[in-house]
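Enquirer: For reference, the structure I am asking about is given below.
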Amino acid sequence: MTRTARVVLALMMAFSIAGTATPALASEPDCPLDGCGGGELPPPPGGGGGPTYVLQGVIQKIDEAHEGAWPSRLGTIQIRGYSRLANANNDRIDADYINVRCYANVLAYSTTDYDSENNGALVDVHFWSPKVPTSGVPAASRTVTVTCSHHAEKNGVSYDTTSSAQFVIAE
């Protein structure tokens, strides 16, 4: 079982590294949960010849929960992932269509969530990772890898990015 867990963790890490090739934010944002105005995130690069937009993808840990007592204590984390379309001044811009799809993987277990909307500037998902044993378990077996894909469409142009992050559930 230990060898299988190591192989699964190695594969998860390889996939999460491959998913970071496209620029996106994968850290605690300065943006509050109830909305994002302009100025919280670094402004996207500008360009001439008309409006330039950037799709920002963010993942953050919201909460952590444990249940049970040693040796059968289980832990999980609550995750927020969101997509946000912004202009060169970092102001939110309504997209014609915008979505976010996130996966949380730990060991061989996975959870996912998805949200989309038309004529919106921000969509987000809030969901819990799988529950895993935490008592006496190495950190590698308690590491949750979160990967999100972000998509938006504005004026016939598609914007896509991915983001990923890892969080360790406490013992």
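Enquirer: Can you list residue pairs whose Cβ atoms sit under 6 Å apart, with the first residue in region 56-73 being in contact (Cβ under 8 Å) with a residue 24 or more places away in the chain and the second being aromatic (Phe, Trp, Tyr)? Count only pairs 6 or more apart in sequence or on different chains.
Expert: Between residues of region 56-73 that are in contact (Cβ under 8 Å) with a residue 24 or more places away in the chain and residues that are aromatic (Phe, Trp, Tyr), the close pairs are Val58/Tyr82; Lys61/Phe167.
Enquirer: If I ask for residues that are touching a residue at least 24 places away in the same chain (Cβ under 8 Å) and surrounded by fewer than 19 Cβ atoms within 10 Å (Cβ to Cβ), which ones from region 102-120 would you list?
Expert: Ala108, Asp113, Asn119
Enquirer: Is it the case that region 58-68 has a residue that's crowded, with 23+ Cβ neighbours inside 10 Å and closer than 15 Å to Ala165 by Cα?
Expert: Checked against the condition, which is being crowded, with 23+ Cβ neighbours inside 10 Å and closer than 15 Å to Ala165 by Cα, region 58-68 yields at least one hit.
Enquirer: A follow-up question, please. Could you tell me which residue of region 129-145 is surrounded by the most Cβ atoms within 10 Å (Cβ to Cβ), considering only residues that are in contact (Cβ under 8 Å) with a residue 60 or more places away in the chain and not in a loop (DSSP other than H, G, I, E, B)?
Expert: Val144
Enquirer: Just for region 69-97: of the residues that are among the hydroxyl-bearing types (Ser, Thr, Tyr) and surrounded by 15 or more Cβ atoms within 10 Å (Cβ to Cβ), which one is nearest to Ser116 (Cα to Cα)?
Expert: My answer is Tyr97.
Enquirer: Looking only at region 50-97, which residues are in contact with a Leu (Cβ under 6 Å, 6 or more places away or on another chain), of a type in the set (A, V, I, L, M) and in a strand (DSSP E or B)?
Expert: Leu55, Val58, Leu85, Ala95
Each reported figure results from applying straightforward, stated rules to the coordinates on display, with no laboratory input. All values derive from a computational prediction rather than experimental measurement. Here the Cβ is made from the backbone with ideal geometry for all residues, glycine too, and neighbour counts use every protein chain on show.
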